[in-house]
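So the structure is just underneath, and the comments pick up after that.
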Amino acid sequence: MRYFSLCLLWISWCYVSQTQAEFFTSIGQMTDLIYLEKDLVKSLKEYITAEEAKLSTIKSWAEKLDELTDTSTSDPEGYLGHPVNAYKLMKRLNTEWLRLESLVLQHTSDDFIANLSIQRQYFPTDEDESGAAKALMRLQDTYRLDSDSISKGRLPGTQDLVSLSVDDCFELGKVAYNDGDYYHTLLWMEQTLRQLEEGETGGVSKAEVLDYLSYSVYQMGDLRRAIKLTKRLIAADPKHLRAKNNLNYFNNLLRQQTQDDEESDVESSESQDMKYVPPVDYLPERDTYEALCRGEGIKMTARRQKRLFCRYHNGNNNPRLLIAPIKEEDEWDSPHIVRYYEVLSDAEIVRIKDLAKPRVANYGVGGQYEPHFDFSRKEEQDAFKELGTGNRLATFLNYMSDVTAGGATVFPDFGAAIYPKKGTAVFWYNLFRSGEGDYRTRHAACPVLVGSKWVSNKWIHERGQEFKRPCGLTEVD
């Protein structure tokens, strides 16, 4: 029943013939050569200084990456379980390594460049880096995390704080901006500005950040704050022509508003946070779903808890389970959800992971599965026709890893959250005995906040189960 579904200085000392001798013995003429050599030495020293600075940069990068890769390769899955680590890996390989290549190419190192050229085919793309950034912002929304906590690496269950630099925060803001997501642009440009004002240095200026900030605030409808930020932008960069034009435009728009609006909004625009703008793919049940992901709204009462038990289960005297019965624990009463322990061994899990890596059995950065039914509904009668096995009677969901934070399986209809436990599996019926779908079983996989989530499913279909679970006499039996 088990089915389981990563200069050169060039100086020419030539032979001097007799006809040229007077020229080189003339002090007046030779003094020019002194200054020429002086210039050559100066040029040579500038070259050496530039090369030393370049090598120092490369050495610093190599030392940092050497320490980082020692950590990441010691536990790759655990390392990538931290979403900031995963985002920064994408960013390093897609952006920063290419910058290093450009730096090294100023003085070619054939072996390094040849190796880099070969390895580049495995590098993430711009789309991958953007996807990792969006995943980080999805986690931010689902788990209601502020940008400063993410930037400082203060995530639930984490001990090692992995921080985002000023440049990292700025790039996150740009990803959101390019996607027309001004809400997240605002959050991450504010964080960038905050870190700059705290004294952190980077490759971005306050003026650049204020440029994105002011326009995003304007797009979100806060004219007064947009004007204030634009004035700060002009103060930081008095020659910024677009900022001056924007300021005039914003002021004209503001004058079109009523005097009452001017007076009532002055304080509120400064004191209140910008409102969250739902994404385009917003689902009506998303609020409930995301609340359950955060551990909010779980309807586990003391009365319900008293009806849940754990037991040894022998499969109704199954000979294989009489001597070694399986450990069974109730997770929910109605619909009945149970968890089985010691379903998969560590060796089996390793083997399944090896087989599954080329396919999809692991939730990536911010990976989630939106609310869905496991069974086919009446309007989807041909969903499993090619299998010839009928509808999905029940779900047997194997958890092949523990998850530090997030990653729960939640049921928005009745407010349950089931958390991953390595080696366990949870089971529930998707259909009533009558064959009608149990619409309460609509469920979702919450995004993994910290850690790595591996799962595999066994869907039990109707055919072959007629005697093990006979039909009921009513629609909801």
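The values are calculated or read from the model by the stated rules, or taken from the named source; none is laboratory data. Treat the numbers as computed from the prediction; the structure is a model and nothing was measured. Here the Cβ is made from the backbone with ideal geometry for all residues, glycine too, and neighbour counts use every protein chain on show. Protein only, heavy atoms only, side chains kept; ligands, DNA and RNA dropped before computing areas. Shrake-Rupley method; radii C 1.70, N 1.55, O 1.52, S 1.80 Å.
Quick notes on this structure:
- Dmax and Rg, reported as Rg then Dmax, of the stretch 297-345 (C-alpha, Å): 13.1, 42
- Scalar couplings 3J(HN,Hα) for the stretch 214-224, obtained by applying the Karplus form with A = 6.51, B = -1.76, C = 1.60 to θ = phi - 60°, are 4, 5, 5, 5, 4, 4, 8, x, 9, 5, 5 Hz; x denotes Gly and Pro.
- Average accessible surface area per residue within the stretch 90-223, 1.4 Å rolling probe, Å²: 48
- Shape category assigned to the stretch 309-384 from the gyration tensor of Cα positions, a/c cut at 1.5: oblate
- Amide H contacts of Trp332 (H built 1.01 Å from N, under 5 Å, at least 5 apart or other chain): Ile337
- Stretching Glu67 away from Asn316 to a fully extended chain increases their span by 84.1 nm, per 0.36 nm per residue minus the current alpha-carbon distance.
- Pairwise centroid distance, computed over Cα atoms, of the stretch 32-79 with the stretch 85-155, Å: 21
- The stretch 402-446, relative contact order in percent, only Cα pairs under 8 angstrom and at least six apart counted: 47
- Here's how it looks for Val448: its modeled amide H is under 5 Å from those of Gly366, Gly367, Gly407, which are all 5 or more places away or on a different chain.
- Across all Cα atoms of the stretch 191-262, the radius of gyration (one decimal) and Dmax (whole number) stand at 13.2, 43 Å.
- Square roots of 5 times each gyration tensor eigenvalue, C-alpha, the stretch 143-199, largest first, Å: 20, 14, 9
- Positive minus negative residues near Val175 (Lys, Arg vs Asp, Glu; Cβ under 14 Å): -4
- Per-residue ³J(HN,Hα) for the stretch 286-302, Karplus 6.51 cos²θ - 1.76 cosθ + 1.60, θ = phi - 60°, Hz, x for Gly and Pro: 4, 4, 5, 4, 5, 4, 4, 4, 7, x, 9, x, 6, 8, 8, 9, 5
- Among the protein heavy atoms of the stretch 80-238, carbon and sulfur supply 47% of the accessible surface, probe 1.4 Å, non-protein parts ignored.
- Between the alpha-carbon centres of the stretch 377-426 and the stretch 279-355 there is a gap of 10 Å.
- Using distinct alpha-carbon pairs, which all enter the 1/r mean, Kirkwood radius of the stretch 368-467 in Å: 14.4
- Tensor-based shape of the stretch 300-430 (alpha-carbon gyration tensor, a/c under 1.5 rounded, otherwise prolate or oblate): rounded
- 16 Å Cα-Cα reach of Lys239 towards lysines, excluding residues that sit fewer than 8 places from it in its own chain: Lys206, Lys231
- Panel note: the C-alpha atoms of the stretch 39-181, placed on their principal axes, show extents of 61, 37, 28 Å (largest first).
- With K and R counted +1 and D and E -1, the other residues having a Cβ less than 13 Å from that of Leu196 yield a net charge of -4.
- The largest-to-smallest principal axis extents of the Cα set in the stretch 416-477 are 46, 22, 13 Å.
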